[in-house]
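In what follows, a single structure is set out as structure tokens and then discussed.
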Amino acid sequence: MLDLLRSYLGSTLTPGQANNQLWALIYVLIIFAGVSVAVMTMNWVERKALAHFQVRLGPMRVGPHGLLQPIADAIKLLIKEDIIPSEADKFVFWIAPLIGLLASFTVYTVVPFGPSQAVSDMNIGILFMLGVSSLAVLGVVMAGWASNSHYPLIGALRSSAQMVSYEVAMGLAVVSAILMTSLHGLGLYGVSKFGDGTGTLSMIGIVQAQQEQHVWFLFKFFPLGFMAFGIFAIAMIAETNRAPFDLPEAESELTAGYHTEYSGLRWSLFMLAEYAAMIAVSSIAVTLWLGGWMRPFPNWLSGSAWDLVFSLFAGLTFVALAVIAFVGVVRMPRHSYFRVQTIGLAGFGLLLALIGILLLGIVIGAKVSHHDILNRTTEGMTNVYWFLFKVAVFMYLYIWYRATWPRYRFDQLMRVGWKVMLPVSLGVLIVTAIVGVILG
Amino acid sequence: MTPVATPFFFYLLSGLAIAGGLLVITRRNAIHSALALIVTLLAIAGLYLMLYAPFVAGVQIIVYAGGIMVLFLFVIMLVSLERTAKERQFNRMWPVGLLAGCSLLALFMSVYAKGKGLFVERGPQLPESENTQQIGIMLYGEAGRMGQYTFAFEIASLLLLVAILGAVIMAKKRI
Amino acid sequence: MLSAKCQVLRLMVPVTTIHYLVVAAALFVLGVIGVLTRRNVVIVLMSIELILNAVNLNLVAFSRMWGGLHGQVFSIFVVVDAAAEAAVGLGILIAFFRNNETINVDEIDLLKW
Amino acid sequence: MNAQADPENALTNLDLETSERPHLDSNELIINMGPQHPATHGVLRVILRLDGEKVLGTECVIGYLHRGVEKIGENRTYTMFNPYVDRMDYVAAVSNGLGYCQTVEKLLNVEAPPRANYVRVILTELNRIASHQLWLGTHALDIGAMTPLFYTFRDREEILKIFEKYCGARLTTHAFRIGGCQYETYRGFEKEVKNYLQYLAPHIDEYEELLTTNRIWLERTKKVGVISAADAIALGVTGPVLRASGVKWDIRKAQPYANYSAFDFDIPTGENGDTYDRYLVRMAEMRQSLRIIEQAVNGIPEGPIMAKVPKVIKPPVGEVYHSIEAPKGELGYFIVSDGSTQPYRVRVRPPSFVNLQALDIMVRGLLVADVVAVIGTLDIVLGEVDR
């Protein structure tokens, strides 16, 4: 077992590159479980955060502070009657949510959580991600069509038009980031690690390019990086059908859009796919512009001391969450009704604290003993933590947008997509190329 | 990375592709045909990956499965086909068509059978990791030189422009 | 266990270029039959996509065989062409359907309405 | 709008003139919005004829909430009918009661005492604020902004608490009686109302902060559902919808009732008659209501709260029409008395019903999403439309 661990931890390659099928399988399982848990957490966080934006409490009954609410929801959805309309196209109706789910989960095979913490590093990583995530629209379209009802059909038409339109601007923004990987500060047609002035499409390669150039692409060629990132950040909300671009499921207009006729488990698959896609596109944005797994301020606060400080963050986050939980325990009403909840919350806090202490222990242990495995674990943990931290910021932004903005109208959405985003992203791409060639 | 279980995946993917193709031309409902075509396209993308052509596979997924097929589905939904689905699906010339197809297949097979020795693996295999870069260089050129296909690439972009204009004009409300 | 399975699979015939060519030929023939026999224009267009894909598969297989990239580059051009063809074809189809309420090839037998 | 249209044949009445080839266009679609739909504010059914997403015509089918309030009025005594009117516009029940009581008072030739009038004004204006808050929340929700709904409901709750303390009911208050108010104000009433004024003013700013300059809100509401002043007058549209088109018509100023002439307030008007102007007008009206309440609660006189009214109300033979400015527009009551204890005929002129007529001309040529916005901006209450 230890050998197995060592065989993995000793490797600086991803399981896919190292052709290590067992580890690849374990990775796939970890990611699948992790994404599912993340979606559940996101569900809870969204409900609570949205509630607090809106001067209410959100779920409070199921578990302390509604912590078990996602599980209760999941159980409810699982045991709910699964209704298939009699006039629906049964097979397509049945397979549509699976396609959406498949598309949004397949993307995770190339998400680089760290330099070697990815299932595989594909040569065409970003292309693969964009392509596969664009398949999600098929699930939506099929669901809308198969329901054989007006509202889902309109929802499906809207979403296919919307996703195809925003994919264009999104793709161009991505291209300008890829272009930056090749513009290396080596002057005209300089030779870089990636060959003769050519960049890379590999997700890990993109982050490594940022590492080598000592700049997050967000800040490169200011403000071009910002603009490309902004376009991507807007387009990715439209791609995932979230507010303020949630027209395909606009409840006040189309009742529930493409999944109006869905219920129970199938409906929950759509939700799972939507949230998984949100996390996936956020991780694309993080990889392309926010330096992927790199910790903040690698230039400004450099040195091994700062490295240590930033690697402590992972444990400290859990400890902070544990402290919040314990504050919640203290503030629980002293009444026998709340005893179980108080104990549950305390247990949860304890769990968080234990994880936090474990993580801190690994970091400190590595610092003290300089053991190889501990060192590599610390490194991997820190990388994954910062990656997830950045993704979590995006997730919070999604909630924030939803609480703040009204919904766009369809023609306005299209106008923004084609008349604003597309020209701007084209312009950014061209200017990036020119600036890159001039400045190198 | 060395591929695993190549024959297995080859037969799986090609089986999927051919089954999808069969469904495309036999389904009564155009949506089902389109879905079968998507299966075929994705299977072919897999075959490209097995042929060490990852960039083409990516293009296949993005452009075909994500773009063209969505367009197809969109159009099929716009022209509601309930009536068409109830009608006769094959035209009166179907035996001729079938015959032509079968003879074409026979022709191919005989050519392959005769020329078996021609199709062997040869030539240096480019590393997969540089596939995209090499294609990029061929399309755009490198170090100030025009690539081999730069001119053709520009023409292709012109073709797309014309196609966009044509499609927009065609789809306009009243021509 | 896993490796044993791999061994079994490796015992099968190695996949060579001709395997791909046979698949491509099958798809091509299916496409041709579809174009020749179906009445629904949308399905005819989809059959054309099948044909183009068969061609692409051939190109990529040959590119692999010769070790060059020209086939792959050419297949990208074919994809571009397919996109243009689909856009224009479907545009015509929409315009036609709007005027005539039919998308059967048999009934599209006049040049002007 | 054919109010009495047979729902089965409703589609045949749909106006087809807007399309050149009514039966050939492949994109045309007929959609049934409602009666069970999250954005129709109750059980309104709108049949939409769409070209893609563009609205070619609409037809409202109403009557799903018809309870025959007017007919009930003929079978109840004047006093007994009073609670029924609360059930028409249930979000502005106090205004409904005020209109009815004043109409009967006019018929009886009775004047409510000044103190009663002040209390009436305070409660009615509070109710106007509550109604506008509910409108704002649901309207914003229809356009996709979730958060204002919770803000407005938080603040509306305080108004409902005042109502509950005053008369024991929160929604259908039955606050007024013919001849005045039944209840004297509770202890601390003035203080609570004043506190509420202090509390609400910054909160209205908060609503505005969320929406007034929000880009998406502007895009969704500007130039949407435009109705010209001439059209509005021709259709009999009243209330904020009329004022947003630039017509300065407010019954509180034009035909002052219940002591309104004593208060100093402005009539906010818009210019373009679009959804955004209606939004601004209603927001301004909330502020004006605060002004009125402040003046009323500061100047509330001592004295009786109920005029001398006979126990059994038997008005003289005759007919009377009286209208007040309800939150949604002109709320009029027409009562014919045959000298008995029961009205011979009661007819209500409900603002929602009349305003709903404007829906069709407001949404033609817009998109489905705008229909939702326009239904929201008309601020209809189906209880009042169907009665």
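For C:Ile33, state whether it is at the interface with chain B (Cβ under 7 Å from one of its Cβ atoms) and modelled with pLDDT under 85.
No.
Taking the stretch A:303-318, which residues are in a helix (DSSP H, G or I) and more than 11 Å from A:Met381 (Cβ to Cβ)?
Hits for the stretch A:303-318 are A:Ser304, A:Ala305, A:Trp306, A:Asp307, A:Leu308, A:Val309, A:Phe310, A:Leu316, A:Thr317, A:Phe318.
Could you figure out which of (1) modelled with pLDDT of 85 or more; (2) within 7 Å of another protein chain (Cβ to nearest Cβ) isn't true of C:Leu2?
Every listed condition holds for C:Leu2 apart from (1).
Residues being surrounded by fewer than 16 Cβ atoms within 10 Å (Cβ to Cβ) and at pLDDT below 80: count how many of those fall in the stretch B:141-154.
Residues in the stretch B:141-154 being surrounded by fewer than 16 Cβ atoms within 10 Å (Cβ to Cβ) and at pLDDT below 80: 5 in total.
Which numbered condition trips up D:Arg243, out of (1) more than 15 Å from D:Trp135 (Cβ to Cβ); (2) touching a helix residue (DSSP H, G or I) at 6+ places or on another chain (Cβ under 6 Å); (3) not in a loop (DSSP other than H, G, I, E, B)?
The number of the failed condition is (1).
Being outside the structural domain of D:Ala116 (by TED's automatic domain parsing) and within 16 Å of the chain's Cα centre (by Cα) narrows it down to one residue among D:Val281, D:Val348, D:Val354, D:Val374; which is it?
D:Val374
Can you tell me which residue in the stretch A:26-54 is farthest from A:Val110 (Cα to Cα), limited to those that are surrounded by fewer than 16 Cβ atoms within 10 Å (Cβ to Cβ) and over 14 Å from the mean Cα position of the chain (by Cα)?
That would be A:His52.
Within the stretch D:170-195, work out how many residues are closer than 20 Å to D:Gln133 by Cβ and without any contact (Cβ under 8 Å) to a residue 40 or more places away in the chain.
Here is the first cut: in the stretch D:170-195, the ones closer than 20 Å to D:Gln133 by Cβ are D:170-173, D:175, D:192-195.
Checking which are without any contact (Cβ under 8 Å) to a residue 40 or more places away in the chain leaves us with D:170, D:192, D:195.
The total comes to 3.
Do the conditions hold for A:Gly365, that is, is it surrounded by fewer than 21 Cβ atoms within 10 Å (Cβ to Cβ) and not assigned by TED's automatic domain parsing to the domain that holds A:Phe318?
Here the answer is no, as A:Gly365 does not meet what is asked.
Of the residues that sit in the stretch A:200-236 and are free of Cβ contacts under 8 Å to residues at least 24 places away in the same chain and outside any loop (DSSP other than H, G, I, E, B), which one is surrounded by the fewest Cβ atoms within 10 Å (Cβ to Cβ)?
For the stretch A:200-236, the residue satisfying everything is A:Phe226.
Only one of these is under 23 Å from the mean Cα position of the chain (by Cα), closer than 20 Å to D:Ser289 by Cα and touching a residue at least 12 places away in the same chain (Cβ under 8 Å): D:Leu235, D:Leu160. Name it.
D:Leu160
Which of the residues that make up the stretch A:145-155 are farther than 13 Å from A:Phe410 by Cβ, more than 7 Å from chain B (Cβ to nearest Cβ) and in contact with a helix residue (DSSP H, G or I) (Cβ under 8 Å, 6 or more places away or on another chain)?
Once the filter is applied, which keeps residues that are farther than 13 Å from A:Phe410 by Cβ, more than 7 Å from chain B (Cβ to nearest Cβ) and in contact with a helix residue (DSSP H, G or I) (Cβ under 8 Å, 6 or more places away or on another chain), the stretch A:145-155 yields A:Ala146, A:Ser147, A:Tyr151, A:Pro152.
Per-residue answers, yes or no, for (1) modelled with pLDDT under 70; (2) assigned by TED's automatic domain parsing to the domain that holds B:Ala53; (3) surrounded by 13 or more Cβ atoms within 10 Å (Cβ to Cβ):
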site	(1), (2), (3)
B:Asn91	no, no, yes
B:Val96	no, no, no
B:Ala100	no, no, yes
B:Ser103	no, no, no
B:Met109	no, no, yes
B:Tyr112	no, no, yes
B:Glu121	yes, no, no
B:Asn131	no, no, yes
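Can we say D:Ser337 is in the same structural domain as D:Leu108 (by TED's automatic domain parsing) and more than 15 Å from the chain's Cα centre (by Cα)? Lay out the reasoning, then the answer.
Working: in the same structural domain as D:Leu108 (by TED's automatic domain parsing): yes; more than 15 Å from the chain's Cα centre (by Cα): yes.
Yes; evaluated as a whole, the condition is true for this residue.
Looking only at the stretch B:1-47, count how many residues are facing chain C (nearest Cβ under 7 Å) and within 14 Å of C:His19 (Cβ to Cβ).
Number satisfying all stated conditions: 9.
Quick grid of which residues meet (1) touching a helix residue (DSSP H, G or I) at 6+ places or on another chain (Cβ under 8 Å); (2) modelled with pLDDT under 90; (3) part of a helix (DSSP H, G or I); (4) buried (at least 16 other Cβ atoms within 10 Å of the Cβ):
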site	(1), (2), (3), (4)
A:Leu352	yes, no, yes, yes
A:Tyr385	yes, yes, yes, yes
A:Gly417	yes, yes, yes, yes
A:Gly427	no, no, yes, no
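Counting only residues that are assigned to a helix (DSSP H, G or I) and closer than 23 Å to D:Lys248 by Cα, which one in the stretch D:209-237 is nearest to the other protein chains (Cβ to nearest Cβ)?
It comes out as D:Thr221.
With the condition being of a type in the set (Gly, Ala, Ser), I'd like the strands (runs of 3 or more DSSP E) fully within the stretch D:257-351 carrying at least 3 qualifying residues.
In the stretch D:257-351, D:318-326, D:329-337 are the strands (runs of 3 or more DSSP E) which contain 3 or more residues that are of a type in the set (Gly, Ala, Ser).
On the given criteria, is A:Leu301 over 30 Å from D:Leu141 (Cβ atoms), surrounded by fewer than 23 Cβ atoms within 10 Å (Cβ to Cβ), more than 19 Å from the chain's Cα centre (by Cα) and free of Cβ contacts under 8 Å to residues at least 40 places away in the same chain?
Considered against the rule, which asks whether it is over 30 Å from D:Leu141 (Cβ atoms), surrounded by fewer than 23 Cβ atoms within 10 Å (Cβ to Cβ), more than 19 Å from the chain's Cα centre (by Cα) and free of Cβ contacts under 8 Å to residues at least 40 places away in the same chain, A:Leu301 comes out as yes.
Could you figure out which of (1) crowded, with 18+ Cβ neighbours inside 10 Å; (2) within 14 Å of another protein chain (Cβ to nearest Cβ) isn't true of A:Trp400?
(1)
When you look at C:Ile76, is it facing chain B (nearest Cβ under 7 Å), under 16 Å from the mean Cα position of the chain (by Cα) and modelled with pLDDT of 80 or more, yes or no?
Values: facing chain B (nearest Cβ under 7 Å): yes; under 16 Å from the mean Cα position of the chain (by Cα): yes; modelled with pLDDT of 80 or more: yes.
Yes.
Could you list, in sequence order, all residues of the stretch B:55-68 that are within 7 Å of chain A (Cβ to nearest Cβ) and of a type in the set (A, V, I, L, M)?
B:Ile61, B:Ile62, B:Ala65
I'd like the residue in the stretch A:85-139 that is part of a loop (DSSP other than H, G, I, E, B) and without any contact (Cβ under 8 Å) to a residue 60 or more places away in the chain and, out of all such residues, is surrounded by the most Cβ atoms within 10 Å (Cβ to Cβ).
Looking at the filtered set, the residue picked out is A:Leu135.
Under 7 Å between Cβ atoms, which residue pairs at least 6 apart in sequence (or on different chains) link something in the stretch D:298-324 that is crowded, with 17+ Cβ neighbours inside 10 Å with a partner that is among the aliphatic types (A, V, I, L, M) and part of a strand (DSSP E or B)?
Close Cβ pairs (under 7 Å, with a partner that is among the aliphatic types (A, V, I, L, M) and part of a strand (DSSP E or B)) amount to D:Val320/D:Ile335; D:Ser323/D:Leu331; D:Ile324/D:Leu331.
The values are calculated or read from the model by the stated rules, or taken from the named source; none is laboratory data. What you are looking at is a predicted structure, and each value in this text was computed from that prediction instead of being measured. All Cβ positions, glycine included, derive from the backbone under ideal geometry; neighbour counts span all protein chains shown.
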